1. Across segment 586-591, in residue order, what do the Karplus-derived ³J(HN,Hα) couplings come to in whole Hz, using 6.51 cos²θ - 1.76 cosθ + 1.60 with θ = phi - 60° and x for Gly and Pro?
2. Beyond 19 Å between alpha-carbons counts as too far, so tell me which of Lys520/Lys592; Lys119/Lys154; Lys44/Lys64; Lys461/Lys497; Lys42/Lys499; Lys592/Lys614 fall in that bin.
3. Kirkwood hydrodynamic radius (Cα pairs, Å) of segment 571-632?
4. For segment 464-504 and segment 85-115, what is the centre-to-centre distance using only Cα atoms, to the nearest Å?
5. May I ask you to list the trypsin sites (Lys or Arg not before Pro) in segment 36-74 that are in a DSSP loop and have at most 10 other Cβ atoms within 10 Å of their Cβ?
6. Give the whole-number value, in cubic angstrom per residue, of the convex hull volume spanned by the C-alpha atoms of segment 484-585.
7. Ordered by residue, what ³J(HN,Hα) values in Hz, to whole numbers, does segment 621-631 give under the Karplus form 6.51 cos²θ - 1.76 cosθ + 1.60, where θ = phi - 60° and Gly and Pro are x?
8. Can you list the HN-Hα couplings for segment 317-332, worked out from phi with the Karplus curve (6.51, -1.76, 1.60; θ = phi - 60°), rounded to whole Hz and with x for Gly and Pro?
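Any read-out appearing in this document is the output of simple, stated calculations on the displayed coordinates, not a laboratory observation. In this text, all values refer to a predicted model and were calculated from it rather than measured experimentally. Neighbour counts are summed over all protein chains in view; Cβ atoms, including those assigned to glycine, are modelled from backbone coordinates with ideal geometry.
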Amino acid sequence: MNYNKLLFIGLLSTIGFFAEAQNHDVDSIHKVIGSEKEDTNKVKSLITLSVKLWATSRFDTSMKYANDALELAKKIGFEKGRGNALMVIGNCYDYEGNEASALKYYQDCLDVFTKISYKVGIARSHGNLGIIFEKMGNYPKALEGYFNALSTFKDLRDSEGIATCYNNIGNVNIRLNDFDKALDNYLQALNINKKIGDASGYSDCLQNIANIYHHNKDYGKALENYSEALKITRTIGDQQSEASVLGNIANIYNDEKEYDSAFFYDSKALALSKSIGDVSDYGFDLSNMGYIYLYQKKFNESKVYFDSALQISKQTGDKEYIKDIYRNLANIDSANGDFKTAWTDYKNYIIYRDSLLNEATIKKTTQAEMKYEQDKLNAVAEKERQRQKVIRNAFIGGFSIMFLAAGLFFFQRKRIAKEKKRSDELLLNILPEEVAEELKQKGNADAKSFDEVTVMFTDFKGFTNIAEKLSAKELVAEIDYCFKGFDNIIHKYNIEKIKTIGDSYMAAGGLPMANKTHAKDVVNAALEIVGFMEKHKQQRIKEGKPVFEIRIGINTGHVVAGIVGVKKFAYDIWGDTVNLASRMESSGEPGKINISGSTYELVKDDFNCTHRGKIQAKNKGEVDMYFVEGKV
């Protein structure tokens, strides 16, 4: 069944000062920290920087600054700063999957805030402890944490915090199969989200409530809530949730044997999941279509969709789903009289089931169960055609009961699959795809040497002076706009973004997969970046606003690339090639692309270049440099 994800809001720790941190640029905060005295303001700045880094998934660096804040807070006796630093460190450990360490820091944080009677911090700490205990499967302690947080948020009249707690309590109720209590808590959260105008939270609550009505077979109320949620997801443009709701509506119509309506809604879910590239949901929707045909005893059509769902599930690595699909295929092939294929499907079901079970259980049950199923299939094979029809009809009735009873299981599995998808997307946002895959398969990624890579550096002339004329919010918005534009351009040319450092942007062509067009690709991208910045500059001048003028430097040569960090990873490159690319940038001029002789030799037939002669580059002596004027 295509159940919507459970709400799992894990950011109680950052309500408050996280919002403040969004309004600061990392580079400007660095500068502030460097000029401050060792007092409470410096602790606050370190924490703000740490939260900003945490928000961009740079957990190692975030933890470093949080620890700096922690040590300074201890030194000057700033207990509130100490508590906030402990909380950020706990956040980092939580998102790294280190629940034991996160638990320790959240408990220390609670102790500090309790000592100074800081209610906001106490509420956040209790909520975070509840999240960790829930992840660890200690549901009584999770409920204790959530209820303590709820009580404090009520004292503070913090509606957002209260709604979050009700949702998280509802999540634990679901895990404990207490659907009545879950419904009460989701309704509480729903009313609060409606009151404060949180459309996304309101939609999520509607879907969770609909899931419970669906589980209880109250299809009318389930449809009512799904339909309202569908309108909201479309209004706010949340296509992933929209696809999930469409699939859930299809399931209800399928349960009610209104197969035309079920087909209609699941077709829409399939099309939407495919269009937005949600592979996981697309697999679920294919499987749902298989169930729709299965309920109608259209076994051949059902098999087609289950086969397609199986291929998707193998791509996503969802063993639970693969196991269930094989079981369904075994039953379908058996009903069609194809007992050889049914037996193969069932053996695959056993293989995947066993990979998910405890080893001791496997030894006790596998041999006996497979022998039983083999005997049963052999016996069915000897029956007459009429007998096969009776068996098929009996199977459908029994499967329907099993299907409805499995609601909770699918409910939880869908949420796990969503979290896995988010985890994979986060990894791909940090590392190149090839490196990410190597890391997932091996647990580590080897450093690699590349004979020829083209490295590009950009930065803004007079950044510090211009930054002083802008507010923190304006500065962040401007840098964000420019770097997003750069990201889009280099993606078009298959160039890998390496990192940003303040106002400097670094990218490279020809890695992690070597190619022969890297120099041309990077120069083409640089030309587009210059054009993008010139257009943006003219718009800023019309508006009477300060402008950034970009310098770009490019060099080609040998580099070493790999992952740095122990607990969280960052992909980086090293070598003299990188250093010289940086010198090309610093030796350039605003609005110009300055390339080295090694890059020039690779692109001279494709671009018009002007030789600048040998220019003195810091720590490199005199180096041949060329300005790229445009394409040939």
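1. In residue order, the calculated couplings are 5, 8, x, 10, x, x Hz.
2. On the way: Lys520/Lys592 16 Å; Lys119/Lys154 11 Å; Lys44/Lys64 14 Å; Lys461/Lys497 21 Å; Lys42/Lys499 26 Å; Lys592/Lys614 17 Å.
Correct reply: Lys461/Lys497; Lys42/Lys499.
3. On the way: mean 1/r = 0.0827 Å⁻¹.
Kirkwood radius, segment 571-632: 12.1 Å.
4. 32
5. Details: sites: Lys37, Lys42, Lys44, Lys52, Arg58, Lys64, Lys74; in loops: Lys37, Arg58.
Filter output for segment 36-74: Lys37.
6. Working: hull volume 11.7 nm³, N = 102.
Considering the Cα atoms of segment 484-585, their hull volume per residue is 115 Å³.
7. So the Karplus estimates, Gly and Pro as x, are x, 8, 10, 5, 10, 9, 8, 7, 9, x, 7 Hz.
8. Running phi through 6.51 cos²θ - 1.76 cosθ + 1.60 with θ = phi - 60° gives x, 7, 5, 4, 5, 4, 4, 5, 5, 4, 5, 4, 5, 4, 5, 5 Hz.
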